[in-house]
Amino acid sequence: MAQDRRTRILIVDDSAVMRSLLRTVISADPSLEVAGTAADGASALAILESVHPDLVLLDVEMPNMDGLETLKTMRTRAYRMPVVMVSAVTMRGARVTIEALAAGASDYVTKPANQTDRNSALRALAQELLPRIQALTVAAAQVSRQAACFESSRPAQLSPTSPAVVAIGVSTGGPAALDVVLSALPSDFALPVLIVQHMPELFTGMLADRLAQRCRLQVREACEGMPVLPGMVYLARGNWHMEVLAPVRAGAPSALHLHQGPLENHCRPAVDVLFRSIAAVYGSSALCVVLTGMGSDGLASSRVVCARGGTVLAQDQATSVIWGMPGAVVQAGIAQRVLPLSAITPEILRLTLKAAACPQRVREAPVLP
């Protein structure tokens with residue numbers, strides 16, 4: 001996308017009020033322009049070719065053709081521009097949003113709720129939406145200019161200690177990325193897996209349910225006091241930080257602790273909270289993975305993991321929806337491996353001695369300046 005023109009946004013929503021709010025937010029930013037509007041999915045599909053949007057804002061719940069069906073049709077027709085789902089905070093809205101994110105939507109925003117007036121709604125929407133548009137359109141331009149990956153000859157600098165736990169931090173693009181990583185784990189995977197995905201509480205429960213259907217391991221949304229057991233996957237609850245507490249006695253498992261402490265990196269749950277506790281409890285046996293996401297959550301705690309002898313893997317730029325979180329770790333020189341999404345699970349298995357007898361060659365991504 002050329003830098004001397006404004007980013008073109010297509011708004012798709014059956015609510016005239018919501019279309020007006022979105023148009024006002026976009027028009028107030030001099031770097032953006034409204035390419036067109038549509039009141040339903042079918043109308044949006046009919047005008048895509050003529051309006052040439054750089055990004056689509058797509059309502060989740062619409063009559064006749066909802067956001068998920070519209071998204072799937074777009075991807076079938078090879079429209080690859082970023083799509084941000086616009087979701088109501090309802091059970092149906094959350095369920096369809098999770099499915100849309102797994103089906104290729106780039107991100108989502110929630111519709112303003114409990115706002116006292118239009119100006120308050122506009123401020124809330126702008127605060128949530130504009131950074132996402134900026135990050136997604138910049139990311140799309142960067143990925144289009146780079147090669148996917150290359151064969152690296154860098155020597156391994158990994159912990160000699162076998163991992164005893166896997167911790168994953170992820171944000172924008174997370175549901176689709178987690179689908180790839182977790183569905184590739186075998187049913188006899190012998191380590192606990194703990195995940196922080198930036199999402200509201202209603203959405204994390206839906207995501208845990210979906211991952212449980214896709215994964216050979218048991219997947220649970222975290223609860224206070226849960227024992228951290230081998231072969232279990234724990235997803236942090238939205239609006240609650242998740243930590244691991246050391247065993248209270250020899251031979252006992254670690255346990256989960258959930259709390260609503262201050263936001264970290266503007267997030268709750270925060271990757272930094274989880275990774276710090278993982279480093280404290282597991283030391284050099286910690287294996288932490290930073291996947292696609294906006295911002296730098298996970299950077300500070302990845303330093304702690306490495307200082308205690310643990311291992312940090314990061315997703316590469318080419319396969320990340322946004323290379324904010326993993327990019328921050330890579331550019332700080334912390335990641336021992338920088339890998340395409342499809343290579344993350346094979347590397348986890350290799351490090352935990354669960355891979356096949358013949359080692360696979362791992363392709364690493366370039367570390368761009």
(message) Would you confirm whether or not the range 137-147 contains a residue that is at pLDDT below 90, surrounded by 12 or more Cβ atoms within 10 Å (Cβ to Cβ), in a loop (DSSP other than H, G, I, E, B) and of a type outside the set (Lys, Arg)?
(response) yes
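Within the range 205-324, considering only strands (runs of 3 or more DSSP E) that don't extend past its boundaries, which have at least 2 residues that are open to solvent by 10 Å² or more (accessible area, probe 1.4 Å) and either among the aromatic types (Phe, Trp, Tyr) or over 26 Å from Thr137 (Cα atoms) (or both)? Don't jump to the end; show me each part of the working.
Details: elements: 218-221, 232-235, 241-245, 255-259, 286-290, 311-315.
So the answer is 218-221, 241-245, 255-259.
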(request) Return yes when Val180 is out of contact with any Cys (no Cβ under 8 Å at 6 or more places or on another chain) and part of a loop (DSSP other than H, G, I, E, B) and no when it is not. (result) no
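Okay, residues lined up against (1) closer than 21 Å to Gln317 by Cβ; (2) open to solvent by less than 20 Å² (accessible area, probe 1.4 Å); (3) modelled with pLDDT under 95:
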position: Ser153; (1), (2), (3): yes, no, yes
position: Pro160; (1), (2), (3): no, no, yes
position: Ser171; (1), (2), (3): yes, yes, no
position: Gly174; (1), (2), (3): yes, yes, no
position: Val193; (1), (2), (3): no, yes, no
(request) State which residue is modelled with the lowest pLDDT when the search covers only the range 105-121 and only residues that are open to solvent by less than 30 Å² (accessible area, probe 1.4 Å) and touching a helix residue (DSSP H, G or I) at 6+ places or on another chain (Cβ under 9 Å). (result) Thr110
(message) Against the conditions (1) modelled with pLDDT under 95; (2) under 22 Å from Ser183 (Cβ atoms), where does Gly251 fall short? Just the number, please.
(response) (2)
(request) Please go through the range 195-204 and pick out each residue that is in a loop (DSSP other than H, G, I, E, B) and surrounded by 24 or more Cβ atoms within 10 Å (Cβ to Cβ). (result) His198, Met199
(message) Need pairs with beta-carbon distance below 7 Å; first residue on the phi > 0 side of the Ramachandran plot and among the aromatic types (Phe, Trp, Tyr) and within the range 195-221, second buried (at least 21 other Cβ atoms within 10 Å of the Cβ) and modelled with pLDDT of 95 or more; sequence gap 6+ or separate chains.
(response) none
(message) Could you check the range 325-353 and list, in sequence order, the residues that are surrounded by fewer than 18 Cβ atoms within 10 Å (Cβ to Cβ) and aliphatic (A, V, I, L, M)?
(response) Ala332, Leu349, Leu353
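Limited to the range 327-336, what total is found for residues that are within 8 Å of Val312 (Cβ to Cβ) and outside any loop (DSSP other than H, G, I, E, B)?
Initially, the range 327-336 is screened for residues within 8 Å of Val312 (Cβ to Cβ), giving 329, 334-336.
After this cut, where a residue has to be outside any loop (DSSP other than H, G, I, E, B) as well, the list is 329.
Matching residues across the range 327-336 total 1.
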(message) Looking only at the range 71-126, count every residue that is within 17 Å of Pro53 (Cα to Cα) and among the acidic types (Asp, Glu) and tell me the total.
(response) 1
(request) May I ask you to list pairs of residues, at least six apart or on different chains, whose Cβ atoms are under 8 Å apart, with the first in the range 111-122 being free of Cβ contacts under 8 Å to residues at least 12 places away in the same chain and the second being open to solvent by less than 100 Å² (accessible area, probe 1.4 Å) and not β-branched (Val, Ile, Thr)? (result) Gln115/Ala121; Gln115/Ala124; Ser120/Pro112
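The values are calculated or read from the model by the stated rules, or taken from the named source; none is laboratory data. Everything numeric here is computed off the predicted structure, so don't read it as measured data. Glycine gets a Cβ as well: all are built from the backbone with ideal geometry, and neighbour counts include every protein chain shown. Surface areas here come from the heavy atoms of the whole protein model, side chains and all, with no ligands, DNA or RNA. Shrake-Rupley method; radii C 1.70, N 1.55, O 1.52, S 1.80 Å.
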